[in-house]
Structure formats: C-alpha cells, structure tokens
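Participant: If you scroll down you'll find the structure; I have some questions about it.
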Amino acid sequence: MAAKPATVRTVRALRKQVQAWRGRKQTVALVPTMGALHEGHLSLVRLAKESAKRVVVSIFVNPTQFAPHEDFDAYPREEAKDRKKLVALGVDLIYAPPAKEMYPPGFSTRVVVGGVSECLDGASRPHFFGGVATVVAKLLQQCQPDMAVFGEKDYQQIKVIERMVRDLDMPVKILGGPIVREEDGLALSSRNAYLTPEERLIAPLLNRTLTDVAADIAEGRPIEDAIGAGRQRLDHAGFAVDYVEARDARDLAPLEDGFTQAGRVFGASYLGRTRLIDNVPIPKKRKAKPKPEVTADQAR
Ligand code: AMP
C-alpha cells in the first residue's frame, strides 16, 4: 500500500486526487507553506481540518518572493521532518513540487496586486508580494481547493490574497488563523532558527514593544508619539528597525489620531541578519464605566 498521506510532486497528480475527492462531494482545504514546519503552521492545519473534509499541505520554498540578496539558499528545508509532523496530524495529501514544476522554462507571468501590497513589507521588499501573489494564484489554480488557510503572522499577506481572490473572481474562501507565539511572546517563524542565543533573548521585545505601542494608542496617546517611543525602544535594544506603523485592520490604510475603526500595529526589524515581523491588534477603547454616585452614608 502507498504511504499515507502521499507526497505528490506534479500538478497532474495533485489534481487527480483533489478531483476524486470533489467527485465524492468532499470539501478540500489547502494550507500553503514553505516548510520547516512549526506549531504556527500546524495550527493552520488543525483549522483546515476543522473546516474541510480533506486537507492538502503544500511545501514549496518559492524563489520568486526572495530578492537576490535575501535568504533563499539559507532557508531551512526539512521535508522528512515536516512529513512526520503532517502524518501525525492526519493530513490527506502533501504537495511538494520541484521548482521546475512551478516555474517551467519560459514562465513569464506575474500577478501584481495594487493597494494593500504597497505599504509595510511591500515598501521594504518590493519584489515580495508579486512573488507571493503569483505562487498563491498558481497553488490555488493547481489544487482548486474550496478554501485556503493563512496565518495572521503575515497579516498583510492575507489582505493581499483576499484582494487578489476578489479581483480575479477566484472561487475559493480565504481563512485566517491567529498568530502562535513562544511563551515569551516571540511569534513562531522558520526564520527564528537564524537567531543566535543572544539575539533570541532580545527577540521577544519586538512583540512587547508592538503590544505597548498598541496599548498606548488605545489609551489616546498620539499615534506618532507612541510609534516614536516604540522605535526608540527597539533601536536601544539593538534592533535595526525597518518600520513600526499603525494601520486600519481591514484595508491597511494609515490610522489617524481619533480613529474609530479596528486597528493593528505592524513592525519589522532586523536582529543581526534575521528579519523579524509581527503585528498586534489595537485594543478596543473601552468607555469608562460611570462611577456610581457615592451616597452620604457611604462617604461617612
Ligand atoms: P511560511 O512557511 O512562512 O510561508 O508560512 C506558511 C503559513 O504559515 C503562512 O500563512 C504564515 O502566515 C503561517 N504562519 C507562519 N508562522 C505562523 C505563526 N507563528 N502563527 C500562525 N501562522 C503562522
């Protein structure tokens, strides 16, 4: 009997299996990853399992979302370990195509999403979201799932994909899963493996700082002040700050003081050679409960 779940490496084999499931009216969820799986990825697999009958996990380190000076070659690749984790979770199919299956000779199309992909990581890494949108569009076409699951760790990526799916009328539902963190607050990431022991001790300060900036903004501190203080704190701790910004949680437009919509604080910083990103919601401003009147008797 073939090993379960099967690992397939061609679009043809992937489609054959997914079409068989769909023929039986079984729903299919796709969880795209670049491998080196950790609890963050696995939480998305669990969400996929709760949401669909069949779960496909793709593992593909996508060259087109890395700039030439970035870490494509160094990016961890551990397919055998990943497979064990996915077997334990009862995944139905692993799709791990080689680069030539994804980008055969002559490949020359690029999906470019405007608006939400232009700020934050899109401003710092201009190649990035074009690469992401192209590979996700291909994965959705190749697999044709009912839904695809992404993590809020890459919040802007979810917004870019939602936009693309809407703009291109792709018949797929996009689900977002919450960020999984270490106990000290550091968001799990395959890139955390690059951190030296000393950097690992400093790394959680990114999350703590963004959380404090968000709390300050919620309490009415001017956004520019709160962000300035956050940036300074990260600078002093040894981060090279790329950005700290407060944005509308829905469309990533910049937030103005006095905003009423849901907001998030986003940050990206280098610690040594490692680029860390994180984001947190801005707590809802609570109206202070009116204090009960103190009666003369109580005051006595
Ligand atoms: P990657 O392998 O880094 O491309 O990530 C694959 C998927 O896992 C993306 O949708 C990420 O947003 C998601 N992901 C990565 N880290 C986490 C995390 N700490 N918590 C939740 N989702 C995550």
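Participant: Taking the range 16-73, which trypsin sites (Lys or Arg not before Pro) meet the DSSP loop condition and have no more than 13 other C-beta atoms within 10 Å? Walk me through the intermediate numbers first.
Facilitator: On the way: sites: Lys16, Arg22, Arg24, Lys25, Arg46, Lys49, Lys53, Arg54; in loops: Arg24, Lys25, Lys53.
Loop-located and lightly packed - Arg24, Lys25.
Participant: Moving on. Report, for the chain, the % of DSSP beta bridges that are antiparallel, rounded to 5. Please list the in-between numbers first.
Facilitator: Details: 18 of 37 bridges.
DSSP beta bridges in the chain are roughly 50 percent antiparallel.
Participant: Between Ala253 and Gln141, with labels modelled 7 Å along Cα→Cβ, what's the label distance in nm to one decimal, could you check?
Facilitator: Label at Ala253, label at Gln141, 3.3 nm between them.
Participant: Here's a follow-up. Based on the Kirkwood radius over alpha-carbon pairs, what value in µm²/s does the Stokes-Einstein equation return for the translational diffusion coefficient of the chain at 10 °C and 1.306 mPa s? Intermediate results must be reported in sequence, preceding the final value.
Facilitator: Values: Rh = 20.9 Å.
The estimated diffusion coefficient comes to 76 µm²/s.
Participant: Continuing with this model, one more query. Residue separation times 0.36 nm, minus the C-alpha to C-alpha distance between Ser124 and Thr260: what's the value? Each step should come with its number before you reach the end.
Facilitator: On the way: separation 136, 0.36 × 136 = 48.96 nm, distance 2.78 nm.
This chain segment gains 46.2 nm when fully extended.
Participant: Roughly what angle does helix 205-218 make with the longest principal axis of the chain, taking Cα atoms, 0 to 90 degrees, to the nearest 10?
Facilitator: Approximately 50 degrees, to the nearest 10.
Participant: Only Cα pairs within less than 10 Å get springs; with that Gaussian network setup on the chain, which residue of Leu42, Leu168, Leu89 has the largest fluctuation?
Facilitator: Its mean-square fluctuation being the largest, the pick is Leu168.
Participant: When a/c is below 1.5 the answer is rounded, else prolate if a/b is larger than b/c, else oblate, so apply that to the range 66-122 with a ≥ b ≥ c taken from the square roots of the Cα gyration tensor eigenvalues. Before the final figure, lay out the partial values.
Facilitator: Working: a/c = 1.83, a/b = 1.62, b/c = 1.13.
Taking the square roots of the gyration eigenvalues as a ≥ b ≥ c, the range 66-122 is prolate.
Participant: Taking the alpha-carbon distance from Lys16 and a cut-off under 18 Å, which lysines remain once sequence neighbours fewer than 8 residues away in the same chain are dropped?
Facilitator: By straight Cα distance, Lys16 reaches Lys4, Lys25, Lys53, Lys138.
Participant: At a Förster distance of 41 Å, what's the computed FRET efficiency of Glu198 paired with Ala80, Cβ-Cβ distance as r, to 0.05?
Facilitator: Working: r = 30 Å, r/R0 = 0.74.
Efficiency computed from Cβ-Cβ geometry: 0.85.
Participant: Kindly provide the helix-only [θ] at 222 nm of the chain, computed as the sum of -39,500 (n - 2.57) over DSSP H runs of four or more divided by all residues, to the nearest 500 deg cm²/dmol?
Facilitator: Working: 11 runs with 114 residues, N = 300.
Roughly -11500 deg cm²/dmol at 222 nm, from the helical runs in the chain.
Participant: So which GluC sites (Glu not before Pro) in the range 174-224 pass both tests, a DSSP loop state and at most 11 other Cβ atoms within 10 Å of the Cβ?
Facilitator: Glu183, Glu219
Participant: What three numbers, in Å, describe the spread of the alpha carbons of the range 158-226 along their principal axes, ordered from the longest?
Facilitator: Largest to smallest, the principal-axis extents are 46, 37, 18 Å.
Participant: Which shape class, rounded, prolate or oblate, goes with the range 122-164 when its Cα gyration tensor gives a ≥ b ≥ c as root eigenvalues, a/c under 1.5 marks rounded, and past that a/b bigger than b/c marks prolate?
Facilitator: Values: a/c = 2.68, a/b = 1.50, b/c = 1.79.
Cα axes put the range 122-164 in the oblate bin.
Throughout, read-outs are computed from the coordinates displayed, never taken from laboratory work. Treat the numbers as computed from the prediction; the structure is a model and nothing was measured. For neighbour counting, all protein chains shown are included, and Cβ atoms are generated from backbone atoms with ideal geometry for every residue, glycine included.
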